[in-house]
Structure formats: C-alpha cells, structure tokens
C-alpha cells in the first residue's frame with residue numbers, strides 16, 4: 001500500500017516536470033505610505049495618515065498552461081503579537097473570446113497570531129480595461145472578526161469592480177469600488193456591510209520602476225477600533 005502511494009506521488013511529480021520547466025519567475029518590492037485592504041487601514045496603532053509599509057512578493061507562471069503560484073507579503077500592525085501579512089495563492093487563467101478569466105485560492109497568513117488567518121476562493125472576469133472579481137471566504141474565520149463575535153465568518157463575500165487604462169504614455173488611470181457582505185454571525189454582532197473605493201493612477205519610469213498615487217477609503221471607518229479616514233496613498237514599486 002505504501003509502495004503504491006509512493007509510486008502515485010512520484011508519477012504525479014514527473015507529470016508536473018514539464019510545467020516547472022516552463023515556469024517564469026518574477027518578483028516585486030514596494031514601499032507604500034499607507035496599506036489599506038478593502039478600505040481598512042492595516043496599521044491600527046497610529047491614527048496618522050502616514051503609516052508606511054514595506055511590501056513584496058514573487059510569482060511563478062507556468063508558460064502557456066495558465067497555471068500560476070505566488071506569494072505576497074506586507075508589514076502590518078493590527079493583530080497582537082504579529083507584524084506581518086503573508087499571502088499564498090495559486091490559480092488558473094484562461095481566455096474565452098474577448099474575455100479573460102482568473103480563478104484561484106488565496107490564503108492570508110499572520111505569523112505570530114493565527115486569529116487573522118483567512119482562506120478565500122476567487123474568480124475574476126476581464127473585458128478590455130474592466131475587471132469584476134468576487135472573493136468568497138471558505139475558512140471559519142474572517143480576519144478575526146468571527147472569533148470576536150463567537151461565530152463564523154464563512155461565506156463572507158467581497159465583490160470588486162476595477163478599471164485600468166493607459167491614458168497617456170507611461171501613465172495609467174486606475175479606479176475601483178468594492179462591497180463587503182459579512183456572514184450572518186459577523187453582521188449580527190453589529191459589524192455593518194460596507195463599500196470601499198480607490199481612485200488614482202501610476203506612472204511607469206521604465207525598468208520596472210513605477211510610482212502610484214490614489215485616494216482610498218470606505219463607508220465603514222474601521223472595524224479594528226482605530227482611526228481610518230480616506231487617505232492619499234503613495235506607492236513606489238519595483239518589478240524585479
């Protein structure tokens with residue numbers, strides 16, 4: 001039985017070798033003046049507008065197969081005993097006519113305090129400069145909110161509409177609006193559903209270096225108990 005299991009694993013590994021041979025590796029690093037996630041400040045220790053965060057990650061895309069894996073990280077300060085968000089994700093991209101699709105799984109991890117750990121399934125469809133993306137929570141908790149309400153965060157949903165278009169050489173206009181619908185246990189504990197928004201743009205200096213600026217905020221000021229106002233956010237990013 002063990003031999004058969006080992007052979008199955010070995011054959012699966014060999015079947016994946018052509019994908020790894022086609023893998024393309026990219027990486028990125030960024031410094032932002034304020035990390036907001038779905039309109040919420042991720043540094044709850046300060047009420048000031050300037051809450052810098054260091055961010056970065058890497059991606060593997062497996063040639064023309066459509067499959068990809070990645071990791072993204074950011075400094076945060078809203079969970080006791082934790083100062084890092086580390087996201088692991090994987091998915092599949094494909095096209096159907098003029099539409100592009102992206103489906104996958106995303107795991108949010110907070111080393112030092114697992115109360116924030118959250119798992120989501122996501123699906124996105126793009127047409128020209130427009131993208132619609134829906135994320136659905138499949139973990140029991142949703143960023144610690146279910147634990148605080150002694151309930152479940154499973155089935156919390158997030159719908160986001162995005163627009164991105166180059167309006168001048170090296171200059172891209174970006175806009176988004178999102179809506180968070182909390183699971184019944186969280187919503188029933190008094191946390192309201194809310195909308196978030198972002199409007200700004202980015203300038204490409206070349207060689208992977210870009211500077212972005214956007215005004216971002218939300219109709220729900222904060223569910224972390226700290227100041228959370230609309231902010232002008234500046235982000236300097238470098239693709240490696």
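What follows is calculated from the coordinates using simple rules that are stated; it is not laboratory data. What you are looking at is a predicted structure, and each value in this text was computed from that prediction instead of being measured. Positions of Cβ are generated from backbone atoms using ideal geometry, with glycine treated the same way; all protein chains shown enter the neighbour counts.
Using the 10 angstrom Cβ neighbour count as an exposure proxy, how do 186, 167, 233 rank, fewest first?
Working: 186 26, 167 8, 233 22.
So the residues, fewest neighbours to most, are 167, 233, 186.
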For semi-axes √(5λ) of the Cα gyration tensor in Å, the listed values are [x] 35, 22, 15; [y] 28, 23, 17; [z] 30, 26, 18; which was obtained by calculation from the structure presented?
[z]
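Counting only C-alpha contacts under 8 Å and six or more residues apart, can you give the relative contact order of the chain as a whole percent? Intermediate results must be reported in sequence, preceding the final value.
On the way: 592 pairs, mean separation 37.7, N = 240.
The value is 16 percent.
Mind checking the full-extension length gain between residue 29 and residue 238? Use 0.36 nm per residue of separation minus the Cα-Cα distance, one decimal, nm. Numbers along the way, then the final one.
Values: separation 209, 0.36 × 209 = 75.24 nm, distance 0.54 nm.
Between residue 29 and residue 238, full extension yields an extra 74.7 nm.
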Checking 144, 91, 81 against a Gaussian network model of the chain (alpha-carbon springs below 10 Å), the top fluctuating residue turns out to be 81
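For the stretch 98-175, what is one quarter of the convex hull surface built on the Cα atoms, given in nm²? Don't skip to the answer; put the middle values down first.
On the way: hull surface 27.5 nm².
So the Cα hull casts an average projection of 6.9 nm².
Counting helices only, and only those DSSP H runs with n ≥ 4, report the 222 nm mean residue ellipticity of the chain as the sum of -39,500 (n - 2.57) divided by its residues, in deg cm²/dmol to the nearest 500.
Working: 3 runs with 29 residues, N = 240.
Helix-only estimate at 222 nm: -3500 deg cm²/dmol.
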Once you've got the GNM for the chain with C-alpha springs shorter than 10 Å, pick whichever of 96, 146, 47 has the biggest mean-square fluctuation.
96
Using Cβ contacts closer than 10 Å as the measure, can you line up 78, 72 from fewest to most?
72, 78
